[in-house]
Amino acid sequence: MTDPTAAEVCRMRTVDGLSVREIRARTGLGRNRVYELLRGVPPAPVTRRPNAKDDLRVRAVELRAGGYSVPDIATRLGVAKSTAYRWVRDAPFEPDGAVARARHESRVKAAGDARWAAHRAERDVARADAHQRAARSVGSLDDRDLLLLGAALYWCEGAKSKPWRRDDHVQFVNSDPGLLALFLCFLETCGVDRSVPTYRVSIHETADSDAATSWWAGRLGLPVGQFRRPTIKKHKPRTIRRNVGADYHGCLVINVPRSRALYWRIEGMIAELFQKAGGAGVEQADR
């Protein structure tokens with residue numbers, strides 16, 4: 001025979017959504033008796049108090065589905081590993097290769113940084129000291145220094161004639177503002193003002209060529225009117241480029257018109273430098 005009191009208590013719980021306290025107030029039953037009658041009866045959703053960590057629990061399940069390990073989830077959410085495990089132990093887990101590699105690389109980097117931190121700090125101090133001592137040894141540069149420095153710089157980075165293709169003119173290409181500034185000082189020592197050469201930016205198509213032109217003009221104090229149309233390099237999808245981002249300004253091409261005599265002058269200085277060093281002459285070096 002069905003107990004009418006038990007049936008009424010269950011109805012209050014499941015249909016009316018009353019709490020234990022509210023059921024006791026209506027029926028006059030004791031706390032233990034109400035719990036006994038409600039054994040096996042799930043509480044109504046409205047009687048369940050919200051958990052402050054419900055949002056973290058949901059996020060934990062999402063991270064688990066994304067291939068994250070329990071320690072990673074605990075670290076990201078700021079909870080204990082046991083808590084993170086309890087939240088996700090029933091969630092499906094398929095380790096993601098990319099995520100796993102990123103986690104491994106992050107751990108390796110952190111371990112390396114911690115292991116070499118003291119060494120790097122010591123190295124940086126020694127490097128800064130070496131830079132200061134080397135800078136003091138430079139002193140002032142006179143015209144002769146700039147001529148020899150500029151000639152050597154051009155022979156390393158500038159356009160050169162070949163025995164099978166004579167093209168005696170001065171053209172210098174580089175992406176380093178420091179080297180370009182030195183070469184412009186060399187030209188001025190040779191009597192070539194910065195308003196004489198023409199300038200051109202050579203840059204990849206994914207970058208802003210107009211912004212690069214303005215940057216080079218401002219960085220080196222060059223007349224904008226002397227800049228020619230940029231040379232745009234086509235992007236090769238298979239090439240992994242590192243020279244990207246806001247710091248990428250392409251290369252600057254400096255072309256000196258009617259510069260055959262200046263080119264011969266550079267050739268002469270380089271030939272003499274090679275001779276004094278006991279090396280080959282310019283013609284032999286070209287072969």
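The values are calculated or read from the model by the stated rules, or taken from the named source; none is laboratory data. Predicted model only: the values in this text are computed from it and were never measured. Please note: Cβ atoms are built from the backbone with ideal geometry, for glycine as well, and neighbour counts cover all protein chains shown. Only protein heavy atoms, including side chains, enter the accessible area calculation; ligands, DNA and RNA are left aside. Shrake-Rupley method; radii C 1.70, N 1.55, O 1.52, S 1.80 Å.
Of the numbered conditions (1) modelled with pLDDT of 95 or more; (2) under 28 Å from D143 (Cβ atoms), F274 satisfies every one except a single condition; which is it?
So F274 meets the others, but not (1).
Return yes when V196 is farther than 21 Å from G178 by Cβ, surrounded by fewer than 16 Cβ atoms within 10 Å (Cβ to Cβ), at pLDDT 95 or above and not basic (K, R) and no when it is not.
Considered against the rule, which asks whether it is farther than 21 Å from G178 by Cβ, surrounded by fewer than 16 Cβ atoms within 10 Å (Cβ to Cβ), at pLDDT 95 or above and not basic (K, R), V196 comes out as yes.
Identify all residues within the range 165-220 that are touching a residue at least 12 places away in the same chain (Cβ under 8 Å), farther than 18 Å from T231 by Cα and not in a helix (DSSP H, G or I); write none if there are none.
Result: D168, H169, V170, C190, V192, R194, S195, V196.
Can you tell me which residue among V138, V88 is farther than 28 Å from Y248 by Cβ, surrounded by 10 or more Cβ atoms within 10 Å (Cβ to Cβ) and modelled with pLDDT of 85 or more? It would help to see each step written out before you state the result.
Values: V138 fails: surrounded by 10 or more Cβ atoms within 10 Å (Cβ to Cβ).
V88 is the lone residue from the list that is farther than 28 Å from Y248 by Cβ, surrounded by 10 or more Cβ atoms within 10 Å (Cβ to Cβ) and modelled with pLDDT of 85 or more.
Looking at (1) over 30 Å from D54 (Cβ atoms); (2) assigned to a helix (DSSP H, G or I); (3) in contact with a Leu (Cβ under 8 Å, 6 or more places away or on another chain), find the lone condition where V108 falls short.
Single failed check for V108: (3).
Here is a list: L149, L153. Which entry is touching a strand residue (DSSP E or B) at 6+ places or on another chain (Cβ under 9 Å) and assigned to a helix (DSSP H, G or I)?
Details: L149 fails: touching a strand residue (DSSP E or B) at 6+ places or on another chain (Cβ under 9 Å).
Result of the check over L149, L153: L153.
Collect the residues in the range 156-168 that are closer than 16 Å to L180 by Cα and open to solvent by 30 Å² or more (accessible area, probe 1.4 Å), keeping them in residue-number order. Show your work before the answer.
To start, the set of residues in the range 156-168 that are closer than 16 Å to L180 by Cα comprises 156-159.
C156, E157, A159, listed by residue number.
Suppose the filter is part of a helix (DSSP H, G or I), closer than 30 Å to R24 by Cβ and either modelled with pLDDT of 85 or more or not hydroxyl-bearing (S, T, Y) (or both); does V46 pass it?
yes
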